[in-house]
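**Q** This is the structure I have questions about; it appears just below.
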Amino acid sequence: MRRLVYLLPAGLFLLLALYFALALRPGYDPHVLPSALIDKEAPAFELTALTGTGTLSRNGLLGQPVVINFFASWCAPCRIEHPVLMRLARQEKIPLYGIAYKDKPEDSARFLSQFGDPYRAIGVDRDGRTGLDFGAYGVPETYVLDANGRVRKRFVGPLSVESVERELLPLLRKLAGS
Amino acid sequence: MIAELGHFALILALFIALVQSTIPMIGAARGNTAWMGVGRSCALTGLLLVGLSMAALVYAYVTSDFSLLNVYQNSHSDKPLLYKLTGAWSNHEGSMLLWVFTLAVCAAAVALFSGNLPPVLQARVLAVQGMIGSGFLLFILFTSNPFARNFPVPLNGRGLNPVLQDPGLAFHPPFLYLGYVGFSVAFAFAVAALIEGKVDAAWARWVRPWTLASWCALTIGIAMGSWWAYYTLGWGGWWFWDPVENASFMPWLLGTALIHSSIVVEKRDTLKAWTVLLAILTFSLSLVGTFLVRSGVLTSVHAFATDPARGMFILLLLIVAIGGSLVLFAIRAPALRGGGLFAPLSREGSLVLNNLLLSCGCATVFLGTLYPLFLDAVGGPKLSVGFPFFNATFTPLMVPLVIAVGVGPMLAWKRGDLWGALQRLWVAYITTGLVILTMLTITQGGPILAILGLGLSTWLFTAVLIELAERIRLFRIPLGQSLRRTIQLPRSAYGMTLAHLGLAVSVAGFAASAFDQEAIEVLRPGGSMPLAGYTIQLERVERRSGANFTADEAVIRVTDRGNFVAELRPQRKFFPVQQQTTADTAIRTNFLADLYVALGDADGAGNWTIRAYWKPLVPWIWIGAVIMAFGGVVSLSDRRWRIGIAQRARPALAQQAVGD
């Protein structure tokens with residue numbers, strides 16, 4: 001029995017190593033995590049808008065391809081990602097919508113007033129329910145929805161200039177063309 | 001040519017390391033002194049070779065030799081010399097080389113400064129270090145060669161990420177690695193002790209200085225990283241709970257536990273298996289941290305260019321090093337019987353509590369860091385981590401710890417008198433109460449948790465001073481005698497006092513961040529805005545240029561009711577090579593509060609966004625960390641370690657004389 005206690009650390013480490021091995025399996029890239037929702041309808045949501053009185057809902061976004069970005073003021077990578085979003089919104093004029101994930105509305109508002117607001121509209125996901133429905137790991141995450149409201153692509157972690165040039169923009173062009 | 005020399009030196013170092021990891025080990029098992037002695041010469045030669053290799057890489061950076069792929073990808077001829085130098089380790093390959101170099105320095109230090117170690121133990125320690133070195137040298141040579149050539153030779157390099165071109169960050173990695181890798185010495189000692197099946201007071205006495213030194217370096221390294229984040233990221237935050245930060249914080253937490261538990265082994269000959277386990281785990285977490293950062297398993301702000309092959313290789317290293325040592329632990333540790341018994345309420349008991357809380361804290365950080373990975377593997381629900389998670393789990397564990405740090409040192413070994421200690425701390429209750437009441441009045445019931453945090457800091461600060469006063473029997477014996485006691489007090493006692501005071505200072509800094517004030521406005525030159533009683537006036541914005549950037553520099557006048565306080569010059573730098581903009585904040589500190597100003601975007605019509613913060617006590621966070629590290633250094637200078645050397649060196653010399 002006493003021996004077993006001493007085996008515990010080794011046993012726990014073995015489990016950990018297994019997890020690591022799983023995470024390293026070929027084809028697994030944490031930056032392009034597959035979403036269970038790819039090519040399926042995005043989960044329905046209806047969120048209070050951060051500014052004004054309206055709401056942000058899935059049905060309200062139908063009719064054109066859109067980009068939905070989950071962010072939070074407490075999230076450091078979001079701050080890193082932010083300039084990329086600003087460029088997307090200002091130069092590329094893409095329809096970018098934000099969902100403030102598990103964040104106090106006043107904090108989100110302050111974050112945006114500080115760094116600029118790239119979003120056409122922002123929904124407040126105070127309890128993280130919508131994020132859960134989307135299967136978001138955390139923030140930032142970005143989803144591309146087509147005109148019919150189907151999820152076409154998921155980006156986990158901050159968007160980079162590269163991933164935008166290589167994947168996001170071509171996909172949007174393709175969706176807009178079809 | 002120089003680069004090839006560096007490469008060959010690295011290959012030679014690998015062979016030396018392989019010899020170092022086998023011959024002394026066999027020698028120790030067979031009692032062959034000559035074979036055991038090989039360890040020392042290998043460690044010294046290894047340092048020479050890895051040092052050569054490191055020098056070759058630095059040389060390539062200084063001379064901007066773009067025929068090296070690594071230099072081309074991370075440097076540029078216009079870069080200031082300092083960043084050419086530090087650019088050598090601001091990338092994956094170079095930083096791994098620095099890692100191995102630090103390891104070689106540690107091994108050489110063990111070889112040089114442990115003449116008092118029993119030769120068998122020294123041989124085994126060096127052999128274990130040789131194994132770690134071999135693993136990482138293999139890793140560098142097979143997956144991350146910094147000396148890979150690049151043809152045709154490009155005219156200029158891609159440049160270093162401008163965010164990394166900063167003095168704070170230039171020296172952050174060496175300190176951090178000194179900390180990480182320094183724990184390898186404790187690890188090697190632990191493994192050697194397990195092989196030998198003997199852990200005693202002498203063992204703890206040898207391990208402690210190494211642990212303490214690495215802990216000091218790691219403390220400074222982490223503080224530098226946090227300070228860098230504070231002044232460069234431009235929004236005044238100083239800790240992000242980012243996976244990479246956590247990777248450095250976890251070994252720090254366990255290392256702190258190890259420093260404390262090894263005292264128990266040294267003084268009371270108990271908690272042996274636990275201390276050995278801590279020594280193994282502390283270094284293991286350094287390795288796991290390396291794995292997490294380099295393998296791309298987790299996404300992070302700081303992530304290096306990642307590659308699954310590298311991840312697999314490091315995972316194998318982890319399995320051999322951590323798995324191997326833990327299995328050894330499972331086999332040998334049950335035989336390590338503790339000697340001294342103690343009551344739960346005693347110095348030992350309080351140190352056990354310290355260890356318990358620190359390890360739980362470390363476990364929390366570990367879980368928080370790996371949450372996404374774990375949940376993905378079991379297909380569970382996705383949860384968010386970040387500030388909400390850590391504030392809810394980590395902080396509640398640290399509050400009792402800080403309270404206990406005030407009481408623990410007042411308890412006697414074996415059986416302590418908690419009630420008596422609590423009575424002797426009466427001054428601390430008064431100061432704590434006073435601070436809390438004063439703050440409540442000033443802020444009119446403001447952020448209550450922050451105020452309690454300040455109370456916590458006051459409690460610890462006063463309790464530590466009371467403990468010092470007790471030691472020198474202040475006011476109980478004549479002042480002159482107290483003074484003599486003050487001088488005679490061992491340095492390690494002062495080390496502890498300083499480290500604990502430093503913690504109190506840092507805690508005040510953490511808590512006070514709730515009182516931050518900020519002002520963000522779009523200002524036209526000449527315009528002004530109020531902040532915390534000051535007036536922030538934008539005078540003008542000037543265009544400047546540096547070696548590899550152009551910058552907009554705002555000239556900002558801070559006044560207090562018309563009286564000039566400071567002129568601040570925050571910048572926005574534009575780096576044409578990388579097409580990247582960074583913000584240089586301007587900070588004016590009076591050590592009680594920081595005025596922090598960052599220059600935001602221009603709106604094209606001559607207006608500029610100015611962000612200004614008033615951050616009370618924020619410098620104390622780093623001042624506290626420096627005091628903690630200084631406490632460690634003072635403790636390191638204690639005579640205890642040197643006397644140990646002298647006592648053991650003498651018989652050894654005597655034997656040698658007989659042998660001659």
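**Q** Among the listed residues B:Glu467, B:Glu542, B:Glu518, identify the single one that is at pLDDT 85 or above, part of a strand (DSSP E or B) and either of a type in the set (D, E, K, R) or under 30 Å from the mean Cα position of the chain (by Cα) (or both).
**A** Details: B:Glu467 fails: part of a strand (DSSP E or B); B:Glu518 fails: at pLDDT 85 or above.
Only one candidate qualifies: B:Glu542.
**Q** Quick check on B:Arg639: is it closer than 30 Å to B:Ile263 by Cβ, of a type in the set (Lys, Arg) and either at pLDDT below 85 or touching a Cys at 6+ places or on another chain (Cβ under 6 Å) (or both)?
**A** Values: closer than 30 Å to B:Ile263 by Cβ: yes; of a type in the set (Lys, Arg): yes; either at pLDDT below 85 or touching a Cys at 6+ places or on another chain (Cβ under 6 Å) (or both): yes.
Spelling it out, B:Arg639 is indeed closer than 30 Å to B:Ile263 by Cβ, of a type in the set (Lys, Arg) and either at pLDDT below 85 or touching a Cys at 6+ places or on another chain (Cβ under 6 Å) (or both).
**Q** Looking only at the range B:411-453, which residues are polar (S, T, N, Q) and more than 30 Å from B:Gln517 (Cβ to Cβ)? Step through it out loud before you land on a result.
**A** First, the residues of the range B:411-453 that are polar (S, T, N, Q): B:423, B:431-432, B:438, B:441, B:443-444.
Listed by number, the list holds a single entry, B:Gln423.
**Q** Among (1) closer than 16 Å to A:Thr48 by Cβ; (2) of a type outside the set (A, V, I, L, M); (3) part of a loop (DSSP other than H, G, I, E, B); (4) within 12 Å of chain B (Cβ to nearest Cβ), there is one condition A:Tyr119 misses while meeting the rest; what is its number?
**A** It is condition (4) that A:Tyr119 fails.
**Q** Would a scan of the range B:245-260 turn up a residue that is modelled with pLDDT of 85 or more and touching an Asp or Glu at 6+ places or on another chain (Cβ under 6 Å)?
**A** Scanning the range B:245-260, I find no residue that is modelled with pLDDT of 85 or more and touching an Asp or Glu at 6+ places or on another chain (Cβ under 6 Å), so the answer is no.
**Q** Can you work out which of the residues in the range B:331-348 that are part of a helix (DSSP H, G or I) and surrounded by 19 or more Cβ atoms within 10 Å (Cβ to Cβ) is nearest to the other protein chains (Cβ to nearest Cβ)?
**A** Applying the filter and picking the extreme gives B:Ala333.
**Q** Select, from A:Ala21, A:Ala10, A:Ala17, A:Ala36, the only residue that is among the hydrophobic types (A, V, I, L, M, F, W, C), modelled with pLDDT under 85 and assigned to a helix (DSSP H, G or I).
**A** Values: A:Ala10 fails: modelled with pLDDT under 85; A:Ala17 fails: modelled with pLDDT under 85; A:Ala36 fails: assigned to a helix (DSSP H, G or I).
Residue meeting the stated conditions: A:Ala21.
**Q** Next question, about the same structure. Identify, by number, the condition in (1) at pLDDT below 90; (2) surrounded by 16 or more Cβ atoms within 10 Å (Cβ to Cβ) that B:Gln481 doesn't meet.
**A** Of (1) at pLDDT below 90; (2) surrounded by 16 or more Cβ atoms within 10 Å (Cβ to Cβ), only one is false for B:Gln481: (2).
**Q** Is it the case, given these coordinates, that B:Ala321 is surrounded by 19 or more Cβ atoms within 10 Å (Cβ to Cβ), within 10 Å of chain A (Cβ to nearest Cβ) and modelled with pLDDT of 85 or more? Show your work before the answer.
**A** Details: surrounded by 19 or more Cβ atoms within 10 Å (Cβ to Cβ): yes; within 10 Å of chain A (Cβ to nearest Cβ): no; modelled with pLDDT of 85 or more: yes.
It is false that B:Ala321 is surrounded by 19 or more Cβ atoms within 10 Å (Cβ to Cβ), within 10 Å of chain A (Cβ to nearest Cβ) and modelled with pLDDT of 85 or more.
**Q** Would you say B:Ala333 is modelled with pLDDT under 90, farther than 17 Å from B:Ile140 by Cα and over 22 Å from the mean Cα position of the chain (by Cα)? Quick ask: steps written out before the conclusion?
**A** Values: modelled with pLDDT under 90: yes; farther than 17 Å from B:Ile140 by Cα: yes; over 22 Å from the mean Cα position of the chain (by Cα): yes.
The answer is yes for B:Ala333.
**Q** Turning to a different aspect of this structure: Residues being away from chain B (no Cβ under 14 Å) and either without any contact (Cβ under 8 Å) to a residue 40 or more places away in the chain or assigned to a loop (DSSP other than H, G, I, E, B) (or both): count how many of those fall in the range A:58-91.
**A** 6
**Q** Do we find a residue being in the same structural domain as B:Gly31 (by TED's automatic domain parsing), touching a Gly at 6+ places or on another chain (Cβ under 7 Å) and more than 30 Å from B:Leu336 (Cβ to Cβ) anywhere in the range B:126-142?
**A** Within the range B:126-142, not a single residue is in the same structural domain as B:Gly31 (by TED's automatic domain parsing), touching a Gly at 6+ places or on another chain (Cβ under 7 Å) and more than 30 Å from B:Leu336 (Cβ to Cβ).
**Q** Quick one: A:Val139 ticks every box in (1) assigned to a strand (DSSP E or B); (2) in contact with a Cys (Cβ under 7 Å, 6 or more places away or on another chain) except a single one, so which number is it?
**A** Looking at each condition in turn, A:Val139 falls short on (1).
**Q** Hey, among the residues in the range B:389-422 that are of a type outside the set (A, V, I, L, M, F, W, C) and surrounded by fewer than 16 Cβ atoms within 10 Å (Cβ to Cβ), which one's farthest from the other protein chains (Cβ to nearest Cβ)?
**A** Residues of the range B:389-422 of a type outside the set (A, V, I, L, M, F, W, C): B:391, B:393, B:395-396, B:400, B:406, B:408-409, B:414-417, B:420.
Narrowing further to those that are surrounded by fewer than 16 Cβ atoms within 10 Å (Cβ to Cβ): B:391, B:395-396, B:400, B:414-415, B:417, B:420.
Values: B:Asn391: 9, B:Thr395: 14, B:Pro396: 18, B:Pro400: 25, B:Lys414: 25, B:Arg415: 26, B:Asp417: 32, B:Gly420: 35 Å.
Per the stated criteria, the residue is B:Gly420.
**Q** Working carefully through the options A:Leu47, A:Leu96, find the one that is free of Cβ contacts under 8 Å to residues at least 40 places away in the same chain and not acidic (Asp, Glu).
**A** Numbers: A:Leu47 fails: free of Cβ contacts under 8 Å to residues at least 40 places away in the same chain.
Unique residue meeting the criteria: A:Leu96.
Here is a yes/no grid of residues against (1) outside any helix (DSSP H, G or I); (2) touching a Lys or Arg at 6+ places or on another chain (Cβ under 7 Å):
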{"site": "B:Ala28", "(1), (2)": "no, yes"}
{"site": "B:Arg40", "(1), (2)": "no, no"}
{"site": "B:Lys79", "(1), (2)": "yes, no"}
{"site": "B:Lys84", "(1), (2)": "no, no"}
{"site": "B:Ser90", "(1), (2)": "yes, no"}
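**Q** Condition first: assigned to a helix (DSSP H, G or I) and either touching a strand residue (DSSP E or B) at 6+ places or on another chain (Cβ under 8 Å) or among the aromatic types (Phe, Trp, Tyr) (or both). Now tell me which residues in the range B:393-452 satisfy that.
**A** B:Phe394, B:Trp419, B:Trp426, B:Tyr429
**Q** Moving on to the next point. Restricting to the range B:56-81, and then to whatever is under 30 Å from the mean Cα position of the chain (by Cα), among the hydrophobic types (A, V, I, L, M, F, W, C) and buried (at least 21 other Cβ atoms within 10 Å of the Cβ), can you tell me which residue is farthest from B:Asn161 (Cα to Cα)?
**A** Residue satisfying both the conditions and the ranking: B:Ala56.
**Q** Of all residues in the range B:594-618, count the ones that are among the polar types (S, T, N, Q) and either in a strand (DSSP E or B) or surrounded by 22 or more Cβ atoms within 10 Å (Cβ to Cβ) (or both). Talk me through it step by step, then tell me what you get.
**A** Within the range B:594-618, the subset among the polar types (S, T, N, Q) is B:607, B:609.
From the residues that got through so far, the ones that are either in a strand (DSSP E or B) or surrounded by 22 or more Cβ atoms within 10 Å (Cβ to Cβ) (or both) too are B:609.
So the count comes out to 1.
**Q** Which condition number does B:Phe591 fail, the rest of (1) among the hydrophobic types (A, V, I, L, M, F, W, C); (2) at positive phi; (3) surrounded by 21 or more Cβ atoms within 10 Å (Cβ to Cβ) being met?
**A** Against the list (1) among the hydrophobic types (A, V, I, L, M, F, W, C); (2) at positive phi; (3) surrounded by 21 or more Cβ atoms within 10 Å (Cβ to Cβ), B:Phe591 comes up short only on (3).
The values are calculated or read from the model by the stated rules, or taken from the named source; none is laboratory data. Computed from a predicted structure; not experimentally measured. Positions of Cβ are generated from backbone atoms using ideal geometry, with glycine treated the same way; all protein chains shown enter the neighbour counts.
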